[in-house]
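Worksheet for the structure shown next.
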Amino acid sequence: MGVFTGARYFTQGASLAFSDDYRSFVWMPVLCSFAVIALGLYVAFGYITEFNTYLQNKFDLWPDFISWVVAPLLYTVGVLVGTWLFGFLAIIVGSPFLTELSLRVNSLPASAIPTPTPTPTPTPTIGKQVSASLVRELRKLLYHIPRLLGLLLFSLIPLVNVFAPLLWLGFGAWLMAIQFCDYATENRDQPFSETLLIVRRHRATCLGFGVCVTLAMAVPGVNFIVAPVAVIGATLMMRSFAAVQKQNA
């Protein structure tokens, strides 16, 4: 397995996400993503507008430059960065629905993929499922945040920060791989540490998958549907890892 194998799992998730068997589990995460991202960008645009007005008042000698160059750049960066950040927040908010989607995919017999006919699977009550998912998300945030801060500090170092874009892409890919692979691990009642172990063991494949997710999340409009697509793809990928481990045992 390698980088292109991980990318293939993402495309397979995209091909299955809106099939008849999954559609009822997909619309709620999509709705959550739309609501969180739209609200987040609305608030962010308000701050960007205020900052743009401040610049125009502060540097009144260059109003045309600010209006024609700086302002479009501010809004463009705001959309790209905000789309990714608020998309990640939407994943956390929609985690109970994504857990249910992963459970449905994971319950399929191998012969049912890629055209599955799911069978009913018992699930925990809504209250327990939501609380367990949020606790799990908090555990993942405790893993991600220190590394995010470290990379942010690294990006501020002169000369070294030339490599910052590639490092951010790699970090985003790693973060997304862990985020979505963990749904399958959670549904098997395995700890978060098991997810880290599996992702590290299949690093290249997971990074290939994570790069696809990271890039898709940065595209306005597309990012609304990334979460369910990634959950399906990651769950299928984790199933394949388990099958390989079982064969080698």
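Structure above, values below:
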{"read-out": "Whole-angstrom gap from region 172-249 to region 5-19, using each part's C-alpha centre", "value": "12 Å"}
{"read-out": "Per principal axis, descending, Cα span of region 1-47 in whole Å", "value": "45, 29, 10"}
{"read-out": "Relative contact order computed over region 159-231 (Cα-Cα under 8 Å; 6+ residues apart), in percent", "value": "37 percent"}
{"read-out": "Cβ-based exposure ranking for I198, I48, I91, in which fewest neighbours within 10 Å come first", "value": "I48, I198, I91"}
{"read-out": "Ordering of 186-193, 15-22 by packing [mean C-beta count within 10 Å, highest first]", "value": "15-22, 186-193"}
{"read-out": "Sequence of I157, I232, I37 once ranked by neighbouring C-beta atoms within 10 Å, starting from the fewest", "value": "I157, I37, I232"}
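All of the numbers you see were taken from the coordinates with simple rules; none came from a lab. Just so we're clear, the structure is a prediction, and the values are computed from it rather than from any experiment. Heads up, the Cβs are rebuilt from the backbone with ideal geometry, glycines too, and the neighbour counts pull from every protein chain shown.
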